[in-house]
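To start, the structure itself, in structure tokens.
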Amino acid sequence: MKRFAASLLALLLFCTPALAKKPKVGDVLPDLTIKAAPKPAEAAYLGLPDGTQSFRLSQIKAEVLLVELFSMYCPHCQAEAKPLGRVFERLMALPQSKALKFLGIGAGNSAYEVDTFRLLYEIPMPLFQDGDYELLKAFGTTSTPTYLMLRPTADGRGLKVLFVQEGRFEDEQTFLELILRASGVQ
């Protein structure tokens with residue numbers, strides 16, 4: 001019963017727009033820390049040293065970072081998981097893939113829930129847990145899915161918002177083109 005109540009609460013809180021100040025293009029967010037160890041393949045993709053236990057987003061070897069905030073309990077996130085995986089795979093085949101990295105953060109999800117989501121929907125991109133909602137709150141949103149494109153600031157103190165989208169994307173090709181255009185990566 002507790003699990004059902006928690007799932008219902010997650011649906012209500014994270015699949016609906018929030019009243020909090022939402023990030024917008026041009027905002028600078030703090031350089032957030034992912035408190036989870038990436039799997040070896042994820043560390044290699046993100047350009048992190050082997051054995052990394054936690055990392056700041058600015059440590060990722062990329063000019064631009066696309067972050068998806070999701071919840072395994074969000075029906076929109078579930079429906080979009082496989083199309084998003086295909087967008088990631090198409091991006092990986094492009095020359096821009098070296099400069100533009102992609103990761104997901106499971107809002108309110110444990111490592112077990114994130115791994116379950118990854119396996120169930122065959123997610124190819126790195127996914128990390130945010131069990132205490134710390135990252136979700138720091139990003140200034142409570143809606144899932146939310147996509148944020150970020151570029152580290154020149155002074156290294158934060159991440160400039162280049163693109164924000166709350167909710168699902170219309171189709172894979174249009175979303176990929178939007179990502180590439182917003183990133184400015186050639």
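Once the Cα atoms of helix 75-92 and of the chain are each reduced to a long axis, what angle between those two axes, in degrees from 0 to 90 to the nearest 10, is obtained? Computed tilt is about 20 degrees. Relative to the longest principal axis of the Cα atoms of the chain, helix 2-14 runs at roughly 50 degrees. With both residues required to sit in the range 2-183, DSSP beta bridges show an antiparallel share near 60%.
Dividing the summed helix terms, -39500 (n - 2.57) for each DSSP H run of n ≥ 4, by the number of residues in the chain produces a 222 nm estimate of -10500 deg cm²/dmol to the nearest 500. The Rg/Rh ratio for the chain is 0.93, where Rg is the radius of gyration of the alpha carbons and Rh is the Kirkwood radius. Overall shape: rounded for the range 26-123, with the ratio a/c of the largest to smallest alpha carbon gyration tensor axis below 1.5. Each pair of Cα atoms in the range 104-183 enters the Kirkwood radius, and Stokes-Einstein at 37 °C and 0.692 mPa s then converts it into a translational diffusion coefficient of 233 µm²/s. Which of LYS101/LYS160; LYS22/LYS101; LYS35/LYS61; LYS101/LYS137 have a Cα-Cα distance over 20 Å? LYS22/LYS101; LYS101/LYS137, as the Cα separations exceed 20 Å there. Pairs of Cα atoms nearer than 8 Å and 6+ residues apart set the relative contact order; for the range 2-183 it is 31 percent. DSSP beta bridges confined to the range 48-151 are antiparallel in about 30 percent of cases.
Quick note: the coordinates plus some simple rules give every number you see, no bench work behind them. Note that the structure is a prediction, hence the values are computed from the model and not measured.
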